[in-house]
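Participant: Input: one structure, supplied below.
Read-outs throughout are calculated quantities, based only on the coordinates presented, and are distinct from any laboratory measurement. Values in this document were obtained by computation on a predicted structure and should not be read as measured data. Positions of Cβ are backbone-derived with ideal geometry, glycine not excepted, and every protein chain shown enters the neighbour counts.
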Amino acid sequence: MSAPFFLYSNWRCIANNMAVDLLTNEDIRDREVRVIDQNGEQLGVLPIRRALEMAEEAGLDLVKIVPNAKPPVCKFMDYDKYRYEQAKKEREIRKNQKVVSIKEVQLSATIEENDVLTKAKAAMKFLKNGDKVKVSIRFRGRQITHQEIGLAVMQDFAERVKDMAVVERKPLLEGRHMIMILAPRDLTKEAKAASKASEKEAGASAPQA
């Protein structure tokens, strides 16, 4: 693939990743630049003065989109409109981003039933809000010699919240702590998968004409 086409195919990625404004019009100090017009057509390498004239004739800005190329690559565009659209996209991305935090629920190897119910209720609230849950048990004294008790408590806890959670990380011992990570169960995704499976099964069992 030739250099011009490679540069053109990557200019959007390079421009989108730049936090600062791109150089435009008279701020471009290079003697010559490789030019792409507003339709994506390659115009070749032109003196900067000619490139500026052509951009002005088209009623557009000359924008340096790949400054490190030799020569730099410039494109005709409405730069104010481009910046507005980029800012709009970034706002949409931020609005749709879900920040997943990790909440912690602490159990014990000798936890009572009422406490387990309270902890499970708290965990399900976290999971419903889309957060992950770190479930931990700290072994005290000689409890560390009976890790199987802590493991049983962990497994029982996971069973209690299984309608809301999947075990992302099975219980593992870290020093005197046993830790398990629960992630929210994607109920919508699972419902769609079950529906597709049901439709497939119904189709397979339907009488043939």
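Participant: Given a Förster distance of 30 Å, report the FRET efficiency between Lys103 and Asp21 from their Cβ-Cβ distance, rounded to the nearest 0.05.
Facilitator: Values: r = 41 Å, r/R0 = 1.35.
For R0 = 30 Å, the calculated efficiency reads 0.15.
Participant: Let a ≥ b ≥ c be the square roots of the eigenvalues of the Cα gyration tensor of region 102-185; is it rounded (a/c under 1.5), or, if not, prolate (a/b larger than b/c) or oblate? Walk me through the numbers on the way to the answer.
Facilitator: On the way: a/c = 2.10, a/b = 1.62, b/c = 1.29.
Since a/c reaches 1.5 and a/b is larger than b/c, the shape of region 102-185 is classed as prolate.
Participant: Taking 7 Å along the Cα-to-C-beta vector as the label spot, tell me the Lys81-Asn68 distance in nanometres, rounded to one decimal.
Facilitator: Roughly 3.0 nm, to one decimal.
Participant: Moving on. Would you calculate the separation in nanometres between label points at Asp163 and Met54, each defined as 7 Å from the Cα along the Cα-to-beta-carbon direction?
Facilitator: 6.7 nm
Participant: So for the pair Asp115, Asn96, with labels modelled 7 Å out along Cα→Cβ, what separation do we get in nm?
Facilitator: Reported label-point gap for Asp115 and Asn96 is 4.5 nm.
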